[in-house]
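Below is one structure, written out as structure tokens; the observations come after it.
No lab work stands behind these numbers, since they all come straight from the coordinates. Remember, predicted model here, so these are calculated numbers, not experimental data. Virtual Cβ from ideal backbone geometry, glycine too; neighbours counted across all protein chains shown.
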Amino acid sequence: MFELLHQKITETVSISDEDFEFCKTLFQPKKLRKKRFILGEGDVCKYTIFLEKGLLRSFKVDEKGAEHVLQFSLEGWWCADLYSFFTGEPSNYNIEALEDSELLLITKPSWDLLLERVPALERYFRILIQNNLIVTQRRLMGSFSETAEEKYNNLIHAFPDILQRVPQHMIASYIGISRETLSRIRGQMAIRR
């Protein structure tokens with residue numbers, strides 16, 4: 001079950017077999033069925049999640065009941081409400097499985113021990129968090145400056161199989177447009193092909 005985790009780590013940093021064996025002892029494998037939650041809004045985020053298989057989404061529900069998708073997490077990705085995880089404050093998000101999923105969970109105390117004992121992983125997570133910040137800034141700037149069609153095209157370019165795995169209303173929410181606008185964009189793109 002740890003093959004993908006090992007692959008993703010070694011794509012970024014070198015890690016000894018001994019250090020990786022120690023790493024494995026700190027994770028808890030968990031299976032999460034489709035439509036089940038690993039985190040609910042108002043709960044403290046107790047785990048950082050590595051997704052071995054499946055698909056997760058992080059989202060918030062506003063006071064009118066509308067869902068706002070922050071992130072889709074695919075195989076080989078990490079997922080958590082890092083603010084809640086690091087501070088122990090209640091989360092503002094929900095994390096739900098969109099497919100049956102296999103997860104590797106690590107708690108905050110285990111995370112701290114891992115980074116203390118395996119310096120290569122401290123570097124690995126620094127690089128991941130740094131890259132996440134860059135992607136988040138670009139996405140935020142795109143939300144101000146890109147058209148709805150540009151946002152949609154960027155999404156399908158970055159994640160070609162997302163359309164087969166995620167319902168259209170969630171894709172619309174993720175890129176910050178209405179379902180109707182997404183339908184219109186898709187229709188116009190189909191005509192141009």
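Taking only the C-alpha atoms of the stretch 1-104, Rg followed by Dmax gives 14.6, 51 Å.
With each label modelled as a point 7 angstrom along the Cα→C-beta vector, the Tyr83-Asp43 pair spans 1.9 nm.
What's the long-distance tail for the stretch 41-193, i.e. % of Cα pairs beyond 26 Å? Looking at the stretch 41-193, the distances longer than 26 Å represent 32 percent of pairs.
Separation of the stretch 91-167 and the stretch 9-34 by C-alpha centroid, Å? Cα centroid of the stretch 91-167 versus Cα centroid of the stretch 9-34: 18 Å apart. Give the share of C-alpha pairs in each 5 angstrom bin for the stretch 146-193, from 0 to the last occupied bin, in whole percents, shortest bins first. Reading the bins upward from 0: 5, 23, 33, 31, 8, 0.
For Ile156 and Glu63, the FRET efficiency from 1/(1 + (r/R0)^6), where r spans their Cβ atoms and R0 equals 30 Å, is about 0.45. For the stretch 98-141, the fraction of alpha-carbon pairs lying more than 13 Å apart is 68 percent, rounded to a whole number.
Helix 3-12 and the long axis of the chain differ in direction by around 90°, with both axes built from C-alpha atoms.
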